[in-house]
Each structure stands twice: as structure tokens, then as C-alpha cells.
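*Asks:* Dropping a structure here in C-alpha cells format, bear with me for questions.
The values are calculated or read from the model by the stated rules, or taken from the named source; none is laboratory data. Here the structure is a predicted model, which is why all the values come from computation and not from measurement. With ideal geometry, Cβ positions are generated from the backbone for all residues, glycine too; neighbour counts draw on all protein chains shown.
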Amino acid sequence: MKFTDRLARALTLHGVRRVYGLQGGSVAHIFDSLESYEINVTYLHHEESCAFAAVTESLIGDQIGVLVVTTGPAGTNSLTGILGAWQDSIPLIVISGQARSYQLSYGRKIRQYGSQEAPIIDIVKPITKATFLLTDRDSVEEVLSKAFNIANSGRPGPVWIDIPIDVQLTTSKDKCEPVDQLRESEEVLPGKTDLTSFLDNTILALRESLKPVVILGGGVRETLTKSEELIQLLNRSKLPIILTWTSSTLANKLENYIGIAGPFGHESTNSYLKSSDFLLAVGTNFGPNNIGNNLEWFTNTRIFLCNIDPEQLKFIKERLKVVSIVAECNAFLSEFLHKLSLEGLVRSDANFESFMSRDYASCSSSLVESYTRSGLLHSHGVVEFLTRTGVRNLVIDGGGTALYSGFQGAHLERVSKVICLAAISSMGTALAQSIPFNECKEVTLVVIGDGSFFMCLRELVSLKSSQRLLVLVINNKGYLAIRHTQAQYLERRFVGTFYDQGSQLPSIKPVVESFGFNYLPIVSIADLERINLNDIDRVTIAEAFCDPDQRPMWHTPFVKTGSGS
């Protein structure tokens, strides 16, 4: 049996039914075998988009995302998506075609020999959990088993498998070893005594607390998405819960959700966080996007952290006084909640029903104020209005204003799935990340800026016209978030961030119509109010004309010091 046929068969045995990729000379045999084994291949128009879509598959599907790219530039084109999976801890399998084995530059002091050859494994090592270079002696079944196990275990992440074209045409008999062992090596998890002691100390501090809060990060996202028992225990605890961008998809399950904190989080949430006296953070890197840059907030807060990554905890402890434990976050959270339940430690005075109402009201009033003052809309208010009812899935682009409007304005507690490559916050992710929702029967809202929209325009052709997709393009004359930076630090010298000042963006309407999709202009509040999400039965691109001088809703900016830093 041909090597690539064995590869396809092994993928099916691991439950893979969908793969994303782009054809190329060094993967033609791989795709031929995948199609022969009736694996559904979605061919996109750039490897970066393929990577974004594959990452989304891991988040919303019942299988790990699989990406197939050819050699050289195809591999490097996919790197932003791989980095996103690495930083957001999302499992991913990447399979790349490669030049012939005797033409490789690995281990040699040459820049290139084979056609389109690139030492892709050397390039991706820092942002993958493991890499494999296959030879004609290798067992592809053994390699895939290792790759899937590594990608899913511990702190999840991407694994890269590189297969030279001559190897693809052979068969393999012998087992192999990975070129680069698991980056996290053997996880150093605590013994039962250590975990019990940490739990006891955490609960003791919680008992003494007057204003506790829990931050749940992406490290518990998958388990809580599937575990009704843990969700019920969290809800019964009445502990206020803050989510991060990577865990925001849990908001609709948590009765005690109080928003997202950080520089571009919710005002009410940040206010609560900085006045808390007890903080338990599980499965989060506890970075500036989660808690902001002003660490003085936590001078009088007792902080307890659980993370599976010892290096992450070590870095955090260099900045803050914390009590921490290296542990599998889902297991720790389960033990903590069960112990909490047994001890009957519940905050009976907690009321979260109206906690976020002030923030949503601010978004709504900003919409009215902006339109009254300038005749243009406010992006936060538009997103807030559209997510009040009817949106099942929310895809948020990583670019500036769309990112902030999506997370600050959206009623996340009413949305079932929230998708965003949050840590990398890359512009131009949203259209590709909406493609795995092709078969979804509910409405998916995509929030994207005008600059990002033209970055990923090519993937409009990959959307199915019958898809219930409302793409909200925020037209603020390009790159508003960067203009905020220019206004604050560069005395409003707007270079490269306005249509007429070095940045050129064409009209959206003729572009959308050329693809055969519905175009929906949102010029006024009345236009917004006329939108009925139940009527969205195919791809519709809505262009919201927003104030190019729109001020940020809530943020914690840097302040220039006397020294100019």
C-alpha cells in the first residue's frame, strides 16, 4: 500500500473526516489519497486561511483540526495560524509535503538545494509541541498516533509532520522516533499531598475573603464546554467568574459570569477585579490582556494560580506575589468545586443578573450619541444591538476595533460559540474562521474591520452562498485602533491609516456583489433596527458606516512619563 494511502487510512482511524489545505506539487499524492478515503477536503486560496480554518475546526468540531500544505512558501504562509494555535493552546496536526529526501538542507550549511525546499521543521520548532521528519523506514501509523497524543495532551498545541515526496510514494514498515521530542517533555504534576495542601489553603483564603473572584482561561475551555456537572457546580458556588478572550465561549453557560477584564475588557468587570481581595486563576497565562498592566491593583489581593505550564507560572511569579501549583487545570478545578460543594461554601448574597447591564447600556447610548453628533454609527453599539437575540455563533476578527467591539459590545452570555485567535490578535482571520460553520443551521455573526476584510477577501469565494452568515464590516475609513495610538503618542500624525493618507481601500459594495452575495448597508440606526436575523438565509455582507474618530469605549492606556517613556 502506498505511503500516502496509509496516511489517509490512519487519519480516518483517528476520527478525521475534514481536512483543510491548498494543492501543490509536493502534496498532490497526499490529497489524492485523502479523497480516495472519502475525507472531506476544503481547498482554500491561501495557506494562512487554511491554517485559520483548521484551528477553528479544533474549536467547534468533534475532531482535531488537520492542515495539509505543500513545501517551501506554503509552509511559511501558514505560520500565523500555527502561532495562533500555539499561543491559544489549540491542538492541531500539520502535514507538509517536502522536496526529495536527498535534496533537503536539514543539518547542512547550505541555504537551499531542492526545488522550493525550506527547512520548515527548523522554522516551526519554537511554536510547535513536536516535529517529525519522515523517512521511507518510518511507520506513518506510529507517527500519527504519537502526533495526536502530543497535540491533545498536557497543554495542547500544534504538531508538524514533514513528508518528502519520494517517501510519499513508498511503503513503510519500521517504527520511527520523532525528530524533536515533546517540547513540554514529561509534565511535572504535583503529588496528591501537594494538591490537597494547595486546595486547603485556597479554600481557607476564600473563606476569609469579602470580595472573591475567579478567572477561568482557555486551559479549561474544552472540559467546561462538555461537562454539565462542573458547570452546575460553578453556578451553585455563586463565585463571580471572569473569562478571558480564549475562554469567552463559556459565557452562555455560566450564571455568575461578570465579563472580561484587561485593557480592553468591560468597565464593570475591571472595577470589580481591582477591588477584589481573593483571586483564583485557572488555566490562564495571567498576562496583560487578562488583567491589565497596572499590577498595583493586586497589592492587597491574595492570588492563587493553577496552570499546567511551569514556565508560565515561573514568569508570572517574577511579576506578582502569588501562591501557585503546576497541575492539570481541569482536574484541579473539578476537585476544587467538589470540595467547595461538600463544605457548603456558597455566597448567598451574590446577584449577577444585572451585572453587565451598565456596560451594554453604555454601548447602546454611545450608538445614539455618535449618530446624533456625527450621523455615523458606533461599532460597539452596532455589535451590542445585533447580539441581543438570534446570533448562535460569533466569529471575531483579531484586528483592533473589530476585536474590541466584538468582546466589549457583544452579549457573549447569549452566544453559544465564540471564535477568535485571541493571543496573536491577527488582522484578517475572521472570514477563514467562519468557513467551518458552512453546515451550521443557525446564524453566525462575523465581526471584521474594513482593513481586515480586504486582507482576506480571497476567502469570500470559499463561503457557501446558502450559509447563514452575517458578515459585519466596520467601515471606519481604515485602521481606527492604530489611529488611536497615533493620536495618543504621535500628535495625530495619521500616516497610513486613512483612505486618503497612504492607505487605499476600495468600495465594498461592488466587491461583495461581484461574488454574488447580498450587500446590506447600515447607515443609520433605523437600518440597524430593520435587520431581522431570522431572515438571514444566505451569506450577507453588512457594511456599518462608523465614526472614523470614534473613541474607545473602555481601555487602560499607557501614560507618557516625564522621561518620554
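*Asks:* Yes or no: region 479-487 includes at least one residue that is exposed (fewer than 14 other Cβ atoms within 10 Å of the Cβ) and part of a helix (DSSP H, G or I). Don't jump to the end; show me each part of the working.
*Replies:* Applying the first criterion (exposed (fewer than 14 other Cβ atoms within 10 Å of the Cβ)) to region 479-487 yields none.
For region 479-487, residues exposed (fewer than 14 other Cβ atoms within 10 Å of the Cβ) and part of a helix (DSSP H, G or I): absent.
*Asks:* Report whether or not ILE60 is of a type in the set (A, V, I, L, M, F, W, C), modelled with pLDDT under 95 and closer than 23 Å to GLY428 by Cα. Quick ask: steps written out before the conclusion?
*Replies:* On the way: of a type in the set (A, V, I, L, M, F, W, C): yes; modelled with pLDDT under 95: yes; closer than 23 Å to GLY428 by Cα: yes.
It is true that ILE60 is of a type in the set (A, V, I, L, M, F, W, C), modelled with pLDDT under 95 and closer than 23 Å to GLY428 by Cα.
*Asks:* A further question on this structure: Only one of LEU412, LEU403 is farther than 28 Å from PHE515 by Cβ and under 16 Å from the mean Cα position of the chain (by Cα); which?
*Replies:* On the way: LEU403 fails: farther than 28 Å from PHE515 by Cβ.
Every option except LEU412 fails the conditions.
*Asks:* Here are some conditions: (1) over 18 Å from SER426 (Cα atoms); (2) in a loop (DSSP other than H, G, I, E, B); (3) free of Cβ contacts under 8 Å to residues at least 60 places away in the same chain. THR497 meets all but one. Which one does it not meet?
*Replies:* (1)
*Asks:* Further question: So is LYS509 assigned by TED's automatic domain parsing to the domain that holds ASN393, of a type in the set (Lys, Arg), in a helix (DSSP H, G or I) and surrounded by fewer than 21 Cβ atoms within 10 Å (Cβ to Cβ) or not? Let's see the steps before the verdict.
*Replies:* On the way: assigned by TED's automatic domain parsing to the domain that holds ASN393: yes; of a type in the set (Lys, Arg): yes; in a helix (DSSP H, G or I): yes; surrounded by fewer than 21 Cβ atoms within 10 Å (Cβ to Cβ): yes.
Here the answer is yes, as LYS509 does meet what is asked.
*Asks:* Here is a list of conditions, (1) buried (at least 22 other Cβ atoms within 10 Å of the Cβ); (2) over 16 Å from GLU267 (Cβ atoms), and GLU384 meets all of them except one; can you say which number that is?
*Replies:* All conditions pass for GLU384, except number (2).
*Asks:* From the set of residues in region 73-85 that are buried (at least 23 other Cβ atoms within 10 Å of the Cβ) and either among the basic types (Lys, Arg) or touching a residue at least 40 places away in the same chain (Cβ under 8 Å) (or both), which is farthest from VAL41 (Cα to Cα)? Full working, then the answer.
*Replies:* Of region 73-85, the ones buried (at least 23 other Cβ atoms within 10 Å of the Cβ) are 74-75, 78, 81-82, 84-85.
Keeping just the survivors that are either among the basic types (Lys, Arg) or touching a residue at least 40 places away in the same chain (Cβ under 8 Å) (or both) gives 74-75, 81-82, 84-85.
Values: ALA74: 17, GLY75: 18, GLY81: 18, ILE82: 19, GLY84: 22, ALA85: 20 Å.
Per the stated criteria, the residue is GLY84.
*Asks:* Let me ask you something else. Mind checking whether some residue in region 330-348 is over 26 Å from VAL523 (Cβ atoms), among the hydroxyl-bearing types (Ser, Thr, Tyr), in a strand (DSSP E or B) and modelled with pLDDT under 95? Give the derivation first.
*Replies:* Pass one, region 330-348, residues over 26 Å from VAL523 (Cβ atoms): 330-348.
The next check asks that each one be among the hydroxyl-bearing types (Ser, Thr, Tyr); those that pass are 334, 341, 348.
Narrowing further to those that are in a strand (DSSP E or B): none.
There is no residue in region 330-348 that is over 26 Å from VAL523 (Cβ atoms), among the hydroxyl-bearing types (Ser, Thr, Tyr), in a strand (DSSP E or B) and modelled with pLDDT under 95.
*Asks:* Only one of these conditions is not met by LYS464: (1) in contact (Cβ under 8 Å) with a residue 60 or more places away in the chain; (2) crowded, with 18+ Cβ neighbours inside 10 Å. Which number is it?
*Replies:* Among (1) in contact (Cβ under 8 Å) with a residue 60 or more places away in the chain; (2) crowded, with 18+ Cβ neighbours inside 10 Å, the lone unmet condition for LYS464 is (2).
*Asks:* Among the numbered criteria (1) at positive phi; (2) part of a helix (DSSP H, G or I), which one does GLU384 miss?
*Replies:* The one condition GLU384 does not meet is (1).
*Asks:* Next up: Just the residues that are touching a residue at least 60 places away in the same chain (Cβ under 8 Å) and within 22 Å of the chain's Cα centre (by Cα), please, taken from region 21-42.
*Replies:* Matches in region 21-42: THR42 only.
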